[in-house]
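J.: Shown below is the structure under consideration.
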Amino acid sequence: MSGRCRMVVAAVAMFAAGGSAGAQSPFPSKPVHIFVPYAAGGGVDILARTLGEVVSRQWGQTVVVENRPGAGGVVASQALAASPPDGYTLIVVASGHATNPFLYPKIPYDTFKDFTPISLLASSPNILLVRADSPFKTLGDLIAQARSKPGSLSFGHAGNGTSTHLAGELLKNLAKIDLNAIPYKGGAPAINDLLGGQIPMSFNNGPESVGQLEAGTVRALAVTTAARAPFLPNIPSMAETVTGYDTEVWWGVLGPAGMSPDLVAKLSHDFVAALNTDSVKERLGKLGASPIGSSPQQFDAKIHADYKKWGPIIEAAGMKAE
């Protein structure tokens, strides 16, 4: 082989090796963006930022949390569905993700085909809140008022079809009372109006409620799970007053459709590892959320189960997005 040929072969070999190394560069090699479909300060936002700090340290890369509120999560979900399936754009969704197809007949994506489940992250009871100076001391007081003056009371929630909206609709259905549902772009704005006196009560999840409860600005009348919540042992469950009442909110992380199995497995492993760190467990515990950490397959099954559970209830109630 001539000297010139050897140089060409060597150059080709170096190029191939360089290309292989570039293709196999470890994920992530640049900042990762996580969409939050609700306003800053709400439960999804708190969870995303808490986990983002931990995985950022694990990865050695910046995690950018972007709040993209609107349409009960549809705005952010649509943006994710249009993103490249390279793992650099993710979303933390709440349980309303499974019910949006019933609320938005022309939803701009397929809830099951356009996303890749990565992990079910955590769950929490929702909490029925009133202002600290509210005349309602118990859930029974509130129900009595609603029955004596039908339609006189309103409750705030994080958006049509969200778990907090469904929590209120379930109370209306089981207690046989008439309440006006007031949608907000997330739980934090609902609490703001509760504090401002614009609404008499609000359903909110644990992470966005705990700070206000500790500050003494709001009072919890009940938690929405069948049993009392460990982080609020003195607060009754809804079921203690309204037989059969039981619901919660969950959160999970999704990627766009078409992600490689190896990348999905890595992301699932890393988020579950983050959930199992002492700092995250402590943080979530104080906020009233229980870490879960599931496989992608388990999270996919959960989305399908909630779709089947809540669909008939939403349709029977005639609930539609505004």
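The values are calculated or read from the model by the stated rules, or taken from the named source; none is laboratory data. Since the structure is predicted, the reported quantities are computational estimates derived from the model, not experimental observations. So basically every Cβ, Gly included, is an ideal-geometry build from the backbone, and we count neighbours across all protein chains shown. Heads up: the accessible areas ignore ligands, DNA and RNA and are worked out on the full protein's heavy atoms, side chains in. Shrake-Rupley method; radii C 1.70, N 1.55, O 1.52, S 1.80 Å.
J.: Which whole-Hz couplings ³J(HN,Hα) result when phi for each residue of region 52-60 is put into the Karplus expression 6.51 cos²θ - 1.76 cosθ + 1.60, θ = phi - 60°, listed in order with x for Gly and Pro?
T.: Values per residue, Gly and Pro as x: x, 5, 6, 5, 4, 5, 4, 7, x Hz.
J.: Considering the values [x] 45, 20, 15; [y] 30, 24, 20; [z] 42, 39, 19, which represents semi-axes √(5λ) of the Cα gyration tensor in Å as calculated for the structure under consideration?
T.: [x]
J.: Counting other Cβ atoms within 10 Å of each Cβ, which trypsin sites (Lys or Arg not before Pro) in region 116-171 have at most 12 and sit in a DSSP loop? Can you show the working numbers first?
T.: Working: sites: R131, K137, R147; in loops: K137.
Filter output for region 116-171: K137.
J.: Is there a quick way to get the dipole size of region 153-231? I mean about its Cα centre, with the Cβ of Lys and Arg at +1 and of Asp and Glu at -1; what is the value in debye to the nearest 20?
T.: Using only the charged Cβ atoms, the result is roughly 160 debye.
J.: With θ taken as phi - 60° and the coefficients 6.51, -1.76 and 1.60, list the Karplus ³J(HN,Hα) couplings across region 231-239 in order, rounded to whole Hz; mark glycine and proline as x.
T.: Coupling constants for region 231-239: 7, 9, x, 8, 9, x, 7, 4, 5 Hz.
J.: Rounded to the nearest 500, what is the 222 nm mean residue ellipticity of the chain from helices alone, with -39500 (n - 2.57) per DSSP H run of 4+ residues and division by all residues?
T.: Mean residue ellipticity, 222 nm, calculated: -13500 deg cm²/dmol.
J.: Mind checking which lysines have their Cα closer than 20 Å to the Cα of K30? Skip sequence neighbours fewer than 8 apart in that chain.
T.: Within the straight-line cut-off, K30 pairs with K266.
J.: Along the Cα-to-Cβ line of A316, 7 Å from the Cα, sits a label point; which residues in region 86-104 have backbone N less than 20 Å from it?
T.: Only 96, 98-104 fall inside the zone, counting backbone N under 20 Å.
J.: Considering only protein heavy atoms and a 1.4 Å probe, what is the carbon-and-sulfur percentage of the accessible area of the chain? Provide the component values of the computation, followed by the final result.
T.: Numbers: 7800 of 14000 Å².
Here carbon and sulfur together make up 56 percent of the probe-accessible area.
J.: Mind checking which of E169, E66, E214 has the largest fluctuation in a GNM of the chain, springs on alpha carbons under 10 Å?
T.: Looking only at E169, E66, E214, the largest GNM fluctuation is found for E214.
J.: Then there is this: Per 0.36 nm of contour for each residue apart, how much would the distance between N180 and T217 grow if the chain were fully extended, relative to their Cα-Cα spacing? Can you show the working numbers first?
T.: Details: separation 37, 0.36 × 37 = 13.32 nm, distance 2.29 nm.
So the chain would gain 11.0 nm between N180 and T217.
J.: Still on this structure, I have one more. Where in region 164-265 are there trypsin sites (Lys or Arg not before Pro) that are in a DSSP coil and have at most 11 other Cβ atoms within 10 angstrom of their Cβ? Numbers along the way, then the final one.
T.: Working: sites: K172, K176, K185, R219, R228; in loops: K176, K185, R228.
Listed in order of number, the matching sites are K176.
J.: Is there a quick way to get the dipole size of the chain? I mean about its Cα centre, with the Cβ of Lys and Arg at +1 and of Asp and Glu at -1; what is the value in debye to the nearest 20?
T.: On the way: 25 positive and 24 negative charges, 65 e Å.
Here the size comes out at about 320 debye.
J.: Which whole-number percentage describes the relative contact order of the chain, with Cα contacts under 8 Å and a sequence gap of 6 or more? Before the final figure, lay out the partial values.
T.: Values: 646 pairs, mean separation 81.4, N = 322.
It rounds to 25 percent for the chain.
J.: Pairs of alpha-carbon atoms within less than 8 angstrom and 6+ residues apart define the contacts here; what relative contact order does region 128-262 have, in percent? Each step should come with its number before you reach the end.
T.: On the way: 217 pairs, mean separation 38.5, N = 135.
Worked out over region 128-262, it gives 29 percent.
J.: For labels at D262 and T62 in the simple 7 Å Cα→Cβ model, what's the distance in nm?
T.: 2.8
J.: If you don't mind, there's one more thing I want to ask. Lys/Arg Cβ at +1, Asp/Glu Cβ at -1, dipole of region 131-231 taken about the Cα centre: which of Q145, A167, L195 is farthest positive-ward?
T.: Q145
J.: Let me ask something additional. Leaving ligands and nucleic acids out of the surface, order K286, K302, K113 by accessible area at 1.4 Å, largest first.
T.: In descending accessible area the options line up as K113, K286, K302.
J.: Take every Cα pair under 8 Å in region 217-276 that's 6+ residues apart, average their separations, divide by the length, and report that relative contact order as a whole percent. Kindly include the intermediate steps, with their values, before the conclusion.
T.: Numbers: 45 pairs, mean separation 13.9, N = 60.
Taking the mean separation of contacting Cα pairs over the length of region 217-276, I get 23 percent.
J.: Ok, one more. Choose one answer from V264, V242, V74: the residue with the largest mean-square fluctuation in a GNM of the chain with alpha-carbon springs under 10 Å.
T.: Result: V242 has the largest fluctuation of those listed.
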